[in-house]
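Every number here is computed from the coordinates shown, using simple stated rules; none is lab data. Just so you know, these numbers come straight off a predicted model, no measurement behind them. So basically every Cβ, Gly included, is an ideal-geometry build from the backbone, and we count neighbours across all protein chains shown.
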Amino acid sequence: MAIRKIRELGDDVLTKTCKSVPKMTLRTKILIGDMFDTMYHAAGVGLAAPQVGVLKRIVTIDVGEGPIVLINPEIIETSGEQTGEEGCLSIPGKAGTVTRPNYVKVRALNEDMEEIELEGEELLARAFCHEIDHLDGKVYVELAEGGLYDVTAETEGEE
């Protein structure tokens with residue numbers, strides 16, 4: 001597998017709506033593997049295909065509970081609310097305060113193109129929402145309360 005270039009804010013691909021994946025192909029399997037390699041290399045917990053320049057409805061997530069692949073995902077249920085810090089591999093060194101649902105249920109296809117439903121709370125719920133937003137051309141900065149801040153500023157000077 002390979003590490004792909006992560007597209008950054010300002011790249012038009014991040015503002016476009018992705019196309020559904022009709023079937024699993026070798027190219028799609030390679031893309032999914034590359035997305036995991038890229039996500040782990042960048043120390044992220046989620047990555048959407050447009051972040052590596054591919055306009056397909058594919059998301060990879062790993063919040064520490066094992067890898068998740070979502071193909072053509074849709075949010076089918078939400079509840080509760082959480083407000084917290086959110087970052088994005090496409091906006092390195094920055095974060096913002098974002099309010100998201102505390103519980104999210106998604107329906108998607110897995111790598112075998114079988115329909116699955118997954119539920120997530122807290123960080124996983126946040127990751128579901130954040131990554132699915134990418135598939136619709138939305139970046140979390142649109143939701144950030146009070147704008148973005150530099151995440152390295154908090155640790156500067158601390159040894």
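As a proxy for reagent exposure, I132, I76 were ordered by neighbouring Cβ count within 10 angstrom, fewest first; the result is I76, I132.
Compared with the dominant principal axis of the Cα atoms in the chain, helix 26-41 is inclined by about 20°.
Here segment 1-31 is scanned for amide nitrogen atoms under 16 Å from the site 7 Å beyond the Cα of E74 along Cα-to-Cβ, giving 18-22.
Looking at segment 1-58, the trypsin sites (Lys or Arg not before Pro) that sit in a DSSP loop and have at most 11 other Cβ atoms within 10 Å of their own Cβ are K5, K23.
Applying 1/(1 + (r/R0)^6) with R0 = 25 Å to the Cβ-Cβ distance of N102 and Y149 gives a FRET efficiency near 0.60.
Modelled spin-label separation between I30 and M1, with each label point placed 7 Å from Cα along the Cα-to-Cβ direction: 1.5 nm.
Given the pairs K19/K138; K29/K56; K19/K94; K56/K138; K29/K94, which are separated by over 21 angstrom at their Cα positions? Violating the 21 Å Cα-Cα cut-off are K19/K94; K29/K94.
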